[in-house]
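Single-structure report; data block below.
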Amino acid sequence: MSASQRVLELREQIEQHNRQYYVLDAPLIPDAEYDRLFRELQALEAANPQLASADSPTQRVGAAPQAEFKSVAHRTPMLSLNNAFSADEVEAFDRRAREALAVAGEIDYAAEPKFDGLAVGLTYENGIFTRGATRGDGFTGEDVTVNLRTLANLPLRLNGKAPPRLLEVRGEVLMLRSDFSRLNSRQRERGEKEFVNPRNAAAGSLRQLDSRITAQRSLRFFAYGIGVSEGIDLPPSHFAALDLLVALGLPVAAERRRVSGLAGLLGFYAQLGAKRAALPYDIDGVVYKVDSLEAQERLGFVSRAPRFAIAHKFPAEEAVTELLGIDVQVGRTGALTPVARLAPIFVGGVTVTNATLHNQGEIDRKDLRIGDTVIVRRAGDVIPEVVGPLLDRRPGDLPRFNLLARYPTCPVCGSHVVRADDEAVARCSGGLYCPAQRKQALLHFASRRAMDIEGLGDKLVDQLVDGDIVRTPADLYKMGLLALSNLERMAEKSATNLLAAIDRSRQTTLSRFIYALGIRNVGETTAKDLARHFGRLDSILAASEEELMQVADVGPVVAQCLRQFCAEPHNVEVIAQLRAAGVAWSEGEGRSPAPAASAAAGKVFVLTGTMPSLSREQAKELIDAAGGKVSGSVSKKTDYVVAGSEAGSKLDKAQELGVTVINEAQLRILLERATDHE
């Protein structure tokens, strides 16, 4: 037998055993024999690279990390379903379907479990799996083909001698409860963080840039429908279409039924609800679909959901416990999130001891007080919810909780806690100093449009902060070669290059420096407006809210954020340290804006598509220098849309509103006219 013949034989045998083991739960051979066949196939493919194939079972082991996931436009939208939470809502769904179809009797429905996983679409071309994408926003998802290939129960080649020319299969990726338990056991053994629930674990595993990690997570796929097909005759009903998918080798939930009328729907709901705890995977309800595909087409869609289907959700799982206290967590952006500390309670499959309370407004709305007996709800959600107190069990007149009174200063760094008039969230004002915000502050400070420190990325910032080498942005300018060279994966040359980039960043502009400080609601444009108006940093630091509002586009909210930031001594101290470290700029920057006679001065531009020779950033800088302003969206206030190749919806919007559209050459002419007038 030739190598090519043996490879084909081995692939067929291994995929058959995969199906027996993962889909039918009826293995035919011991694990050792399976491993022997798999190793033989690996050896043959390694010795004969020309025989390698994307549909080989050896592709399930994963590949080297990807840089990022590419976007994929779905051929037909992957729409979400409307929900029903009561029998009355299901009755209304059935009535609407009968009335729309003019059916006097009962309608046949396909009823199936509603998986608690991650929706994906699989594309098979001539029977070969070629692409898989997440649902995303329903219209565009992420290309996770390499990761999906690692799923042992997902066929890489469809059954049958005459496969369809094109078949897009819709389904769900999930993790069985048993696999979830094993995964968390491994996490505990390694001293790593455990996953909250199977859905969370499945979603995180499928979106790993390193598919070798996905391959270790034991994910499963279950099909629940067909999106697009070519070269195949589809059966007349949804239920029969699922049978077709089974015949093609795709896994479909065994817990599905064809039922008639409202009684059939509610009967299936009750039966599956009774079996829910014994199922091998998590479900959070059932899905009803009008079985006739012709009837589905007639019913059509409303908004972003089909009229022919509905999800009947199971009741949320609730329990009663005591609210022992309210702590706060300080997030990467300085937001203080109140967290309920609860007497341990088992609900929704996990023991719950904490639950987010979101903000002061939520605490007030629910009238939650420390010492209350409260209802805790968890229905497959990652974060449990405190529904509210049982007022008849409240022990006397408990004091109300006031976050700002309890935490006038940040529990992490001691900076003042502030809350803008138009916001529900309270925040730590020590953005440059607070350890909770340290990593976010450093990454923003070093970003290309701020101080532009090349080489200072996420992983390095993690090491610098976790190793207590850098506490504030000012510490970046105090680092030496020895400290950097001792870091993991940081050779002497890399350390030297980073120090050189840090040194180059000492000479900057006032607007870049202001933007680098990470002041809430102060973006690049506002930073430039502040630099033009005041010219000096000290003037900005000393300005009142009224003086700040004299700057173009600075309103009360931005002025308040600026004032709160500049009033925090910790921030002022870090700014002083940065200046002492040699960070400098030309004072008086931008005090002479482009004259009003300039062709671009005061005009609003929107950039879309790819220009022949200018990057988006270069075009923006040229427009800014000529006194124009670049906006991110098209409106009636837009003067010009600069369109390059592959321009998208912004161009359509401009044409709809009658906004002038120009290309790069016309933009340059406009900017040259601006230069001539100066």
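Quick check: anything in segment 337-351 out of contact with any strand residue (DSSP E or B) (no Cβ under 6 Å at 6 or more places or on another chain), surrounded by 19 or more Cβ atoms within 10 Å (Cβ to Cβ), farther than 30 Å from Leu101 by Cα and not assigned by TED's automatic domain parsing to the domain that holds Tyr224? No; the residues of segment 337-351 include none that is out of contact with any strand residue (DSSP E or B) (no Cβ under 6 Å at 6 or more places or on another chain), surrounded by 19 or more Cβ atoms within 10 Å (Cβ to Cβ), farther than 30 Å from Leu101 by Cα and not assigned by TED's automatic domain parsing to the domain that holds Tyr224. In segment 601-622, the residue that is farthest from Lys650 (Cα to Cα) out of those that are hydroxyl-bearing (Ser, Thr, Tyr) and touching a residue at least 24 places away in the same chain (Cβ under 8 Å) is Ser613.
When both residues are 6+ apart or on different chains and their Cβ atoms are under 9 Å apart, which pairs have a first residue that lies in segment 64-85 and is closer than 25 Å to Thr214 by Cβ, and a second that is modelled with pLDDT under 85 and hydroxyl-bearing (Ser, Thr, Tyr)? Sorted first by the residue in segment 64-85, then by its partner, the pairs are Ala64/Ser211; Pro65/Ser211; Gln66/Ser211. Residues in segment 471-509 that are farther than 17 Å from Arg579 by Cα and among the β-branched types (Val, Ile, Thr): Thr496 alone.
Each residue in segment 333-350 was checked for being at pLDDT 85 or above and assigned to a strand (DSSP E or B), and 11 of them qualify. Within segment 83-97, restricting attention to residues that are crowded, with 16+ Cβ neighbours inside 10 Å and not small (Gly, Ala, Ser), which residue is nearest to Phe314 (Cα to Cα)? Across segment 83-97, the extreme among qualifying residues is Val90. Against the test of being surrounded by fewer than 20 Cβ atoms within 10 Å (Cβ to Cβ) and not hydrophobic (A, V, I, L, M, F, W, C), the options Thr150, Thr134, Thr123, Thr130 yield a single qualifying residue, Thr130.
Count, please, the residues in segment 351-383 that happen to be in a loop (DSSP other than H, G, I, E, B) and modelled with pLDDT of 85 or more.
Qualifying residue count, segment 351-383: 9.
The sole residue among Leu219, Leu174, Leu242, Leu209 that is within 26 Å of the chain's Cα centre (by Cα), touching a residue at least 60 places away in the same chain (Cβ under 8 Å) and within 30 Å of Ser260 (Cβ to Cβ) is Leu174.
Taking first residues from segment 137-154 that are over 15 Å from Asp55 (Cβ atoms) and partners that are among the polar types (S, T, N, Q) and at pLDDT below 90, the Cβ contacts under 6 Å between residues at least 6 apart in sequence or on separate chains come to Thr140/Ser71; Asn147/Ser211; Asn147/Thr214. Taking the listed residues Ser613, Ser649, Ser631, the one that is under 30 Å from Leu537 (Cβ atoms) and at pLDDT below 90 is Ser631, with no other qualifying. Of all residues in segment 448-462, those satisfying the criterion of being buried (at least 16 other Cβ atoms within 10 Å of the Cβ) and free of Cβ contacts under 8 Å to residues at least 60 places away in the same chain are Ile453, Leu456, Leu460, Val461.
Here is a yes/no grid of residues against (1) surrounded by fewer than 16 Cβ atoms within 10 Å (Cβ to Cβ); (2) under 21 Å from Ala110 (Cα atoms):
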{"site": "Glu172", "(1), (2)": "no, yes"}
{"site": "Leu183", "(1), (2)": "no, no"}
{"site": "Asn197", "(1), (2)": "no, no"}
{"site": "Ala202", "(1), (2)": "no, no"}
{"site": "Arg212", "(1), (2)": "yes, no"}
{"site": "Gly225", "(1), (2)": "no, yes"}
{"site": "Val228", "(1), (2)": "yes, yes"}
{"site": "Phe239", "(1), (2)": "no, yes"}
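Each residue in segment 595-639 was checked for being in contact with a Phe, Trp or Tyr (Cβ under 9 Å, 6 or more places away or on another chain) and under 21 Å from Asp553 (Cα atoms), and 13 of them qualify.
Residue-wise test of (1) in a loop (DSSP other than H, G, I, E, B); (2) outside the structural domain of Pro280 (by TED's automatic domain parsing); (3) over 19 Å from Glu294 (Cα atoms).
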| residue | (1), (2), (3) |
| --- | --- |
| Arg188 | no, no, yes |
| Gly191 | yes, no, yes |
| Gly204 | no, no, yes |
| Gln208 | yes, no, yes |
| Tyr224 | no, no, no |
| Leu234 | yes, no, no |
| Asp243 | no, no, no |
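Of the residues making up segment 419-429, just one is part of a loop (DSSP other than H, G, I, E, B) and buried (at least 19 other Cβ atoms within 10 Å of the Cβ), namely Ser429. Where residues in segment 60-100 are in contact with a strand residue (DSSP E or B) (Cβ under 7 Å, 6 or more places away or on another chain) and small (Gly, Ala, Ser), which of them is modelled with the highest pLDDT? Per the stated criteria, the residue is Ala97. Condition check: over 24 Å from the mean Cα position of the chain (by Cα), touching a residue at least 40 places away in the same chain (Cβ under 8 Å) and part of a helix (DSSP H, G or I). Does Leu404 satisfy that? Criteria met by Leu404. Within segment 366-377, residues that are under 16 Å from Thr356 (Cβ atoms) reach partners that are surrounded by fewer than 22 Cβ atoms within 10 Å (Cβ to Cβ) and hydroxyl-bearing (Ser, Thr, Tyr) with beta carbons closer than 6 Å, at six or more positions or on different chains, in the pairs Val376/Thr321. For segment 388-418, residues that are buried (at least 16 other Cβ atoms within 10 Å of the Cβ) and either within 14 Å of Glu317 (Cα to Cα) or in the same structural domain as Leu324 (by TED's automatic domain parsing) (or both) total 1. How many residues are at pLDDT below 90 and in contact with a strand residue (DSSP E or B) (Cβ under 6 Å, 6 or more places away or on another chain) if we restrict to segment 201-240? Qualifying residue count for the region: 3.
Kindly provide the set of residues from segment 185-199 that are touching an Asp or Glu at 6+ places or on another chain (Cβ under 6 Å) and of a type outside the set (D, E, K, R), ordered by number.
Gln187, Pro198
Listed by first and then second residue, the pairs linking a residue in segment 265-285 that is in a helix (DSSP H, G or I) to a residue that is of a type in the set (D, E, K, R) and surrounded by fewer than 21 Cβ atoms within 10 Å (Cβ to Cβ), with Cβ atoms under 6 Å apart and 6 or more places separating them unless they lie on different chains, are Phe268/Arg257.
Might you check whether a residue that is without any contact (Cβ under 8 Å) to a residue 40 or more places away in the chain, of a type in the set (A, V, I, L, M) and at negative phi occurs anywhere in segment 392-400? Looking through segment 392-400, at least one residue is without any contact (Cβ under 8 Å) to a residue 40 or more places away in the chain, of a type in the set (A, V, I, L, M) and at negative phi.
The values are calculated or read from the model by the stated rules, or taken from the named source; none is laboratory data. Owing to the predicted nature of the structure, the values given are computational and were not obtained by experimental measurement. Backbone-built Cβ (ideal geometry, glycine too); neighbour counts: all protein chains shown.
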